[in-house]
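No value in this document is a laboratory result; all are computed from the given coordinates. Nothing here was measured: the structure is a model prediction, and the numbers come from that model. Heads up, the Cβs are rebuilt from the backbone with ideal geometry, glycines too, and the neighbour counts pull from every protein chain shown.
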Amino acid sequence: MDKLNFSIVLPYIHLFFRGALTAIEITLLAVLIGIVIGTFMGIGKMSRLLPVRFLCSAYVEVIRGTPLLVQLLIFYFGLPQILGFTIPEFPAAVLALGINSGGYVAEIVRGGILAVDRGQMEAARSLGMTYGQAMRHIILPQAFKKMIPPLGNEFVTLLKNSSLATTIGFPELTRAAQIVAGNTYRPFEPYLTAAAFYFVMTVSFSWLMSLLERRLAASD
Amino acid sequence: MIEVKDLYKNFGKLEVLKGINARIEKGEVVVVIGPSGSGKSTFLRCLNLLEKPTRGEIKIEGKSLLDPSTDINKVRQDVGMVFQHFNLFPHKTVVENITLAPIKVKGISPKDAREKAMELLERVGLADKAECFPASLSGGQKQRVAIARALAMNPKVMLFDEPTSALDPEMIKEVLDVMKDLASDGMTMVVVTHEMRFAREVGDRVLFMDEGKILEEGTPEEIFESPQNPRTKEFLSKIL
């Protein structure tokens, strides 16, 4: 049996830091895309128009009913067959994760909106605001506050899911560990190191979120 | 000013309004009383289309509310509403609650809207609370802000949906005082309430509703001193 020797990772540590940074980049961009898509899909799911409601529900169901890994592979390896050109790894990873996240954020948005008291919409409409104005100025700001904890969870999930970008050969954190494992023939240390990087990132993010939540709760 | 003809409203199979006919004149204070579940609130909420009537006719200043060509958002600017549960916007300060609709809906400049809001807050006795958030106000204060918010749109008529029902007893008076002040100023008001003293003192006319119909109407004296309908008598004997 061999003892753990983390010093073998040290010469490659810059790969881990760069990988961690990339993971955060992918995640942030994907979450942004997810929030934009999710807001429209979430509101669309509550539309009075049946086709809109159907389309948005279908989107959410398909996204949530298929594995992210498969979605990613379709996006990167499948789509070029039809498009005639390849999407580079980074935008492919960001788009696939963002589109995936949109499906989950849609449910978060819908839940957030439904959690706002009905009277708020009625009060806004009774003052002559249109549905859109009421949504923008009254409902969404309040819904967003209720959405922050689940959105935080979504961010953490996405950060971990960004490791799947390894499968399309993108050099993020997990890929860094793979490279080091290959070079040193010692897989345990680099993968443990990668896990530690993810853990530190998710834990510090969760801590930041709970701080933010407390701040926001104070203004209630 | 408001004309209601043969108004029906169903919620699914449940018939809540069964043919309401009413006229409300300019400057009149009409108080709607009746047991709970009688359709009073639904009737009131039909007057600004928060509930869509199943059939019938509502005209405000001659304009039909149910005509598809009527811009309901325009109509609502002229019809202020005060809710039982205040429904202030919790993420906005008191003054922002009041200025939001004038700015966004009417396009009034923020400065003018604020001036008007401060005037209104002065009127309801809450000028010192302008920068507070609603959560820090008492129920009575919240309702006075809600009234100021509705007034900021310069409505031609004000609807009150049980405005004091969610208040602690010691806060009812401050809200009723604001409403009295409004009535004496000539505001057209439709008030759904259980405050019989208010109905007597301020009401020009009282409508008694039960089971989706207006069973009796008259001056407060007529209704309270010599009710004709047995249901009115029964209701009043229970609450007075």
**Q.** Within 10 Å of each Cβ in B:84-91, the average number of Cβ atoms from other chains
**A.** 6
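Before anything else, pin down the relative contact order of the range A:138-202: Cα pairs under 8 Å, at least 6 apart, normalised by residue count, whole percent.
Here the relative contact order equals 23 percent.
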Q. Sorting B:GLU96, B:GLU51 on the 10 Å Cβ count, fewest up front, what's the list?
A. B:GLU51, B:GLU96
Q: Would you grab the residues whose amide H sits under 5 Å from the one on B:GLY19? Only those 5+ places off in sequence or on another chain, please, with H modelled 1.01 Å from N.
A: B:LEU7, B:TYR8, B:LYS9
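With the contact rule set at Cα under 8 Å and sequence spacing of 6 or more, what percent relative contact order holds for the range A:61-220?
It comes to 20 percent, rounded to a whole number.
Ignoring everything except DSSP H segments at least 4 long, calculate the 222 nm mean residue ellipticity for chain A; use -39,500 (n - 2.57) per segment, divide by total residues, nearest 500.
Per the formula, -24500 deg cm²/dmol.
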Q: Over the whole of A:127-137, what's the average partner chain Cβ count within 10 Å per residue? Rounded to a whole number, please.
A: 6
Q: Evaluate peptide A:113-124: per residue, the Cβ atoms of other protein chains within 10 Å of its Cβ; return the mean as an integer.
A: 4
Q) Gap in Å between the Cα centre of the range B:76-105 and the Cα centre of the range A:146-205? A) 47 Å
Q) Taking only the alpha carbons of chain B, what extent do you get along each of the three principal axes, in Å, biggest first? A) 53, 45, 32
Q: Project the alpha carbons of the range B:1-123 onto their principal axes and report the range along each, largest first, in whole Å.
A: 47, 32, 29
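Ranking A:VAL70, A:VAL36, B:VAL206, B:VAL16 by Cβ neighbours within 10 Å, fewest first, what do you get?
Fewest-to-most ranking of A:VAL70, A:VAL36, B:VAL206, B:VAL16: A:VAL70, A:VAL36, B:VAL16, B:VAL206.
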Q | ³J(HN,Hα) computed for each position of the range B:113-127 - Karplus, 6.51 cos²θ - 1.76 cosθ + 1.60, integer Hz, glycine/proline x | A | 4, 5, 4, 4, 4, 5, 4, 5, 5, 4, 4, 8, x, 10, 4
Q: Would you compute the Debye intensity of chain A from its alpha-carbon atoms alone, equal scatterers and no solvent, and pass along log10 I(q)/I(0) at q = 0.11 Å⁻¹ to two decimals?
A: -0.66
Q. What order do you get for A:LEU173, A:LEU55, A:LEU208 when you list them from fewest to most C-beta neighbours inside 10 Å?
A. A:LEU208, A:LEU55, A:LEU173
Q) Distance from the Cα centre of the range A:54-91 to that of the range B:145-165, in angstrom? A) 52 Å
Q: For A:LYS45, go through the lysines and keep the ones whose alpha-carbon is under 28 Å away, minus same-chain ones fewer than eight residues off.
A: A:LYS145, A:LYS146, A:LYS160, B:LYS9, B:LYS13, B:LYS52, B:LYS74, B:LYS92, B:LYS104
Q: Would you mind checking which residues have amide H under 5 Å from B:VAL29's amide H? H placed 1.01 Å from N; only 5 or more apart, or other chain.
A: B:MET189, B:ASP204, B:ARG205
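Identify the trypsin sites (Lys or Arg not before Pro) of the range B:1-93 meeting these criteria: DSSP loop state and at most 14 other C-beta atoms within 10 Å of the C-beta.
Filter output for the range B:1-93: B:LYS13, B:LYS26.
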Q. Which residues' amide hydrogens lie under 5 Å from the amide hydrogen of B:PHE160, considering only partners 5 or more residues apart or on another chain, with H built in the peptide plane?
A. B:VAL82, B:VAL190, B:VAL191, B:VAL192
